[in-house]
Amino acid sequence: MMHRRSICATVVLLISCVQSTHAFSSVSSQSARSAASLASSFNAKTQSTPLSLQYQRSLSIPKKSPTSLNAVEGDFDPDAIKNSVSAVQSGSIKARLRALYKFTRPHTIRGTILASFAGTTRALIDTPGAIATANWGALLPRAFIGMIALLLGNAFIVGINQIFDKDIDVLNKPFLPVASGEMSERVAWFAVLFSGIVGPAIVYNFFPMMLFKLYMLGWTLGMVYSVPPLRTKRNPLAAGLTIATVRGFLLNFGVYYAVKDAIGAPFGWSPKVSFIARFMTAFATVIAVTKDLPDIEGDKAYNISTLATKLGVSKIANGATVCLLLNYIHAILTGVLSKAGTFNVIPMVGGHAALAVMLLTRFKSLEPEKLASIKTYYKHIWDLFYLEYFLYTLI
């Protein structure tokens, strides 16, 4: 039965790969059209820090007609951004909630939620009899509380980043609510302080002290990433280590440990947990580097030193693709060389092979001189990140 389910899951994964490639092609076209109409507003806002000639060329696409839609995550359309700001100023509760949602950076929230579900599923499967004997009346509320704490931690880290990066985001990410004016700095600070206080309080009161210490380690690393005087995002190595530690190791280890504690089972480094900790730490390191690819112009303007500003899009994209490919090869070899029965071979080997093919397919379509293509490449890396958690429950 497990063998048949693994085959079905791998087929579903392959279908997801095809659908994702088609979806990102659509995103690329939309971003290219909307980026063009933003070029003039960027130049007006940044007379003291003009955009580079290469960047302006990437935006030289016919301007699209005005829209009545509101701006969404990743939307560079100045008309949509203006509509969103107007809706908030008119007092619309829906518009304010939409701004708060964007403030939490939905793509990072999806990663946090998937990590929570995958880690919980993995811990239950790894513990014999846990699913049949679990006290679901107590376990589910605790899992929900833990999820809220993680989401608040996520909101704290990405929120404080938007406050201190407001001027840079006007160039790089004008769709973000603080940069666009949808959310005032006063409201942003309230959301950040609320998240930064309530999140740790939840973990302190409902979970073991070890988890509280791990949570606060991630909380602290996330804060100093953005806040002066340390502001570790200015150093490529420190920034990479911060993101890799928080999103790669602490999140995955913490969720697994919390579930084991909740069901009264001793924690142990199973081969599957060890694998996902290694794999996702390496993956998060790549995300830490490639996240700067769409932001090169703004980072240069504000003297933010990143590997992307130093080496350029082509070299970073080439290196990132090689690193991810090696990570997939490591996963495949782990499945092949491990003791029989340690992993489910079809999702471990076949699934990671499918994702490797998906990676190479998207990389071949990258056009380093075009902003829309760069953004599509980066979004695709996040898509692979999400799909890995699906495999984690099956391996």
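General remarks:
- Normalising the average separation of contacting C-alpha pairs (under 8 angstrom, six or more residues apart) by the number of residues puts the relative contact order of the stretch 98-176 at 51 percent.
- For the stretch 115-267, fraction of C-alpha pairs farther apart than 23 Å, in %: 43
- Of the chymotrypsin sites (Phe, Trp or Tyr not before Pro) found in the stretch 174-216, none is in coil by DSSP with at most 10 other Cβ atoms within 10 Å of its Cβ.
- Here is the list for the stretch 308-395: trypsin sites (Lys or Arg not before Pro) lying in DSSP coil, each with at most 13 other C-beta atoms within 10 angstrom of its C-beta, are Lys339.
- Paramagnetic reach from Leu360 in the stretch 308-333 [backbone N under 17 Å; point 7 Å along Cα→Cβ]: 318-333
- Annotation note: chymotrypsin sites (Phe, Trp or Tyr not before Pro) in the stretch 286-355 located in DSSP loop regions with a Cβ neighbour count of at most 11 within 10 Å are absent.
- Note on the stretch 273-356: Rg/Rh from Cα positions, Kirkwood definition for Rh, rounded to two decimals, is 1.14.
- Here the average projected area of the convex hull drawn through the C-alpha atoms of the stretch 263-312 stands at 5.5 nm².
- The modelled label-to-label distance for the pair Phe194/Thr220, using points 7 Å beyond Cα in the direction of Cβ, is 2.7 nm.
- Rounded accessible area per residue of the stretch 142-256, 1.4 Å, Å²: 42
- Centre separation in Å (Cα based) which lies between the stretch 153-176 and the stretch 219-275: 21
- Kirkwood Rh and Cα Rg combined as Rg/Rh, the stretch 236-395: 1.02
The values are calculated or read from the model by the stated rules, or taken from the named source; none is laboratory data. The model shown is predicted, which means the values in this text are computed figures rather than measured ones. All Cβ positions, even for glycine, are placed from backbone atoms using ideal geometry, and neighbour counts span all protein chains on display. Note: areas computed on protein heavy atoms with side chains; ligands, DNA, RNA excluded. Shrake-Rupley method; radii C 1.70, N 1.55, O 1.52, S 1.80 Å.
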